Amino acid sequence: MDLDFFQEHDIWAFTPEYLKDVGEVTKVTTSTGEDHIMPMTMRSFRTNLCRFYSIDYAGVRKKYGKIIGSINCVPLPISNYKIFLQLKVRTPEFKGDVAMGYMDLGSIDQLKEKNDRKRTEISLKDGRKLEVLCGIRTVNKHIKNAKLVLDHFRNEKGYGAYPEVLEKLYSNLDKPATKADIVILAREILTLKNSLKDH
């Protein structure tokens with residue numbers, strides 16, 4: 001795969017797909033409204049993404065899995081402003097079949113749970129929609145975990161919590177703030193106060 005793809009496109013989501021007469025491919029949703037079908041499995045696409053950003057996926061999974069208390073569905077941070085959370089997008093058809101896709105936290109605009117409460121419709125910032133096979137509580141749990149990991153990642157790099165991501169989550173997801181949310185927000189306010197004092 002040409003790794004320039006990751007330089008040229010702002011990826012909002014990448015999910016496993018099965019095409020008749022082709023087999024496993026990866027559907028990549030970008031900020032320009034385009035969907036790219038990549039002739040490789042989702043795992044191979046993720047490997048290339050990590051290679052481009054010099055990410056040790058196994059190390060990241062182990063490290064941030066401790067923070068969220070699970071080795072499954074560990075969010076994948078690739079920069080100080082971009083993190084992908086994992087969500088179930090299809091039902092596995094055989095052993096080892098990939099069911100999870102990745103979505104950029106910052107691309108999410110709104111959530112709407114389906115009547116069966118087993119599926120959630122995610123509206124992206126440009127109005128496109130993506131359905132995932134989990135209830136809204138599960139989606140919100142993964143969003144919370146992604147926020148915690150992103151905050152930890154940014155603090156390690158010497159940054160505070162990312163204001164645009166926090167503003168989007170607090171204003172659009174229509175859910176009560178958790179203790180973790182309040183800690184992140186308090187830390188951001190303190191950073192801003194210190195910055196004002198310096199000037």
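The values are calculated or read from the model by the stated rules, or taken from the named source; none is laboratory data. Note that this is a predicted model, so its numbers are computed, not measured. Positions of Cβ are generated from backbone atoms using ideal geometry, with glycine treated the same way; all protein chains shown enter the neighbour counts.
Among the residues here, residue 115 qualifies as part of a loop (DSSP other than H, G, I, E, B) and within 25 Å of residue 92 (Cβ to Cβ). Being in contact with an Asp or Glu (Cβ under 9 Å, 6 or more places away or on another chain) and without any contact (Cβ under 8 Å) to a residue 60 or more places away in the chain is a property that residue 34 lacks.
Report whether or not residue 105 is modelled with pLDDT of 95 or more, under 16 Å from the mean Cα position of the chain (by Cα) and buried (at least 18 other Cβ atoms within 10 Å of the Cβ). The answer is yes for residue 105. Going residue by residue through region 164-172, is there one that turns out to be at pLDDT 90 or above, in contact with a Leu (Cβ under 7 Å, 6 or more places away or on another chain) and crowded, with 16+ Cβ neighbours inside 10 Å? For region 164-172, residues at pLDDT 90 or above, in contact with a Leu (Cβ under 7 Å, 6 or more places away or on another chain) and crowded, with 16+ Cβ neighbours inside 10 Å: absent. Within region 115-139, being of a type in the set (S, T, N, Q) and either surrounded by fewer than 16 Cβ atoms within 10 Å (Cβ to Cβ) or over 21 Å from residue 75 (Cβ atoms) (or both) holds for one residue alone: 115.
Give me the residue from region 29-85 that is polar (S, T, N, Q) and in a loop (DSSP other than H, G, I, E, B) and, out of that set, nearest to residue 131 (Cα to Cα). By that ranking, first place goes to 31.
Reported count of residues in region 69-83, each being surrounded by 16 or more Cβ atoms within 10 Å (Cβ to Cβ) and free of Cβ contacts under 8 Å to residues at least 40 places away in the same chain, is 3.
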